[in-house]
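These notes concern the structure reproduced below.
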Amino acid sequence: MWRSPYQSAAVAGALAAAGIATAAEEEVLANALGGGGLIAWELAPAAGRRLPWPAFVFRDIRPLDAVQWRPGGYHTLLADDEAGFSPACRRKIEAARRAGVTVVSGDAAADAMALFSPHPQLRGDLDGDRFAALADAVRTAGAGELFAARAPDGAACAAALVLRSPDIVNLRFSAVDRRYGRLQPMRLLIAAIRNGHPGLLLDLSGFTPPALADARAQSINRFKRDFGHRVALFEPEP
């Protein structure tokens with residue numbers, strides 16, 4: 001069963017409360033969070049009818065080395081439990097802990113917003129006020145949370161906004177201060193989110209088919225592979 005946060009009435013309400021364009025019918029929600037118009041991610045068809053927006057339907061979860069990369073599909077990598085992270089990734093996470101990097105949620109809003117504020121592309125090109133409204137709305141609805149990593153000097157060095165359903169935690173937006181890159185704060189942040197949601201899938205929001213990956217996408221793919229080797233597959237709605 002794949003119950004996406006985007007199929008949640010709580011997320012739909014949070015998007016609407018933040019003034020973000022949505023359209024929903026029969027538990028199918030499309031949203032403009034990615035920019036460029038309404039897209040229906042991780043959904044199921046509505047009562048057998050075609051949706052009036054591009055839609056992607058969940059098909060399967062497969063090991064990375066068994067994925068058949070289908071043109072026009074959507075692929076997202078799922079993080080394993082921390083024991084399943086790559087050995088190098090676990091060593092970097094332990095080094096971050098020993099260095100004194102900490103992760104907070106609940107009271108992380110100010111830290112997180114400080115990192116997202118100067119980088120519109122990291123918040124889906126939403127304006128700052130709307131992004132803050134979205135974060136507040138999903139937290140109020142119990143459908144999401146802000147997380148922040150703090151360096152030993154107390155500065156915010158990484159942040160994430162996650163969306164949640166009964167099955168899935170979606171790492172929807174993330175930001176990092178590269179001045180603290182040697183401390184690996186984003187790795188520690190992902191580990192904290194993973195450890196804080198036992199029994200749920202942690203969706204790292206996408207994986208570019210290797211044949212289509214430019215240098216930047218290849219780098220992002222390598223980073224995500226450190227956390228797991230299972231891919232959720234979605235196909236365009238038939």
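The values are calculated or read from the model by the stated rules, or taken from the named source; none is laboratory data. In this text the structure is predicted, and so the values were computed from the model without any measurement. For neighbour counting, all protein chains shown are included, and Cβ atoms are generated from backbone atoms with ideal geometry for every residue, glycine included. Surface areas here come from the heavy atoms of the whole protein model, side chains and all, with no ligands, DNA or RNA. Shrake-Rupley method; radii C 1.70, N 1.55, O 1.52, S 1.80 Å.
Computed over the range 102-238, the range of Cα coordinates on each principal axis works out to 43, 35, 32 Å, biggest value leading. Does the range 105-167 classify as rounded, prolate or oblate by the C-alpha gyration tensor (a ≥ b ≥ c root eigenvalues; a/c under 1.5 gives rounded; else a/b over b/c gives prolate, otherwise oblate)? Here the range 105-167 falls in the oblate category.
Sort 74, 6 by heavy-atom solvent-accessible area, probe 1.4 angstrom, most to least.
Reading off the accessible areas and sorting them downward yields 74, 6.
Once the Cα atoms are used to define both axes, helix 215-225 deviates from the longest principal axis of the chain by about 80 degrees.
By the gyration tensor of its Cα atoms, with a ≥ b ≥ c the square roots of the eigenvalues, what is the shape of the range 154-235: rounded for a/c under 1.5, prolate for a/b over b/c, or oblate? Cα axes put the range 154-235 in the oblate bin. The angle between the Cα long axis of helix 185-195 and the longest principal axis of the Cα atoms of the chain comes to about 60 degrees, rounded to the nearest 10. About the centre of its Cα atoms, the range 83-145 shows a dipole size close to 520 debye [charges on the beta carbon of Lys, Arg (+1) and Asp, Glu (-1) only; nearest 20 debye]. Exposed loop sites here are GluC sites (Glu not before Pro) assigned a DSSP state other than H, G, I, E or B and surrounded by at most 16 other beta carbons within 10 Å; excluding them, the longest clear run of the chain is 28-238. P(r) for the chain, please, calculated from all Cα pair distances in 5 Å bins and given in %. Going from the shortest bin to the longest, the percentages are 1, 7, 14, 18, 20, 18, 13, 7, 2, 1, 0. Multiplying the residue separation of residue 86 and residue 117 by 0.36 nm and removing their Cα-Cα distance gives an extension gain of 8.0 nm. The charge dipole of the range 168-238, taken about the Cα centre with unit charges on the Cβ atoms of Lys, Arg (+1) and Asp, Glu (-1), comes to about 460 debye, rounded to the nearest 20. For the options 18, 148, 213, a Gaussian network treatment of the chain with springs between C-alpha atoms closer than 10 Å singles out 213 as fluctuating the most.
Among 17, 159, 88, the largest mean-square fluctuation in a Gaussian network model of the chain (Cα springs under 10 Å) belongs to 88.
Per residue, the chain exposes 46 Å² of accessible surface when a 1.4 Å probe is rolled over the protein heavy atoms with every protein chain present. What residues from the range 55-74 fall in the zone where the backbone N is under 20 Å from a label point 7 Å along the Cα-to-C-beta line of residue 3? Counting only backbone N, you get 57-61. Expressed as a whole percent, the accessible surface of the chain that belongs to carbon and sulfur atoms is 52, based on a 1.4 Å probe. Exposure check, 1.4 Å probe, all protein chains in place: residue 189 carries approximately 0 Å² of accessible surface. Straightening the chain between residue 97 and residue 155 buys 19.4 nm, computed as 0.36 nm per residue apart minus the Cα-Cα spacing. Residues 140, 22 ordered from highest to lowest accessible area at a 1.4 Å probe: 140, 22. Which Cα, out of 147, 163, 4, lies furthest along the positive dipole direction of the chain (beta carbon charges, K/R +1, D/E -1)? In the chain, that residue is 147. By a 1.4 Å probe calculation restricted to protein chains, residue 131 has an accessible surface near 0 Å², given to the nearest 10. For the set 104, 231, the ranking by accessible area, highest first and with no ligand, DNA or RNA atoms included, is 104, 231 under a 1.4 Å probe. The calculated 222 nm mean residue ellipticity attributable to helices in the chain amounts to -8000 deg cm²/dmol, summing -39500 (n - 2.57) over DSSP H runs of n ≥ 4 and dividing by all residues. Basic side chains Lys and Arg get +1 at the Cβ, acidic Asp and Glu get -1 at the Cβ, and with that the dipole of the chain about its Cα centre reaches some 820 debye.
Ignoring the sites themselves, the chain has its longest run without trypsin sites (Lys or Arg not before Pro) in a DSSP loop having at most 16 other Cβ atoms within 10 Å at 51-238.
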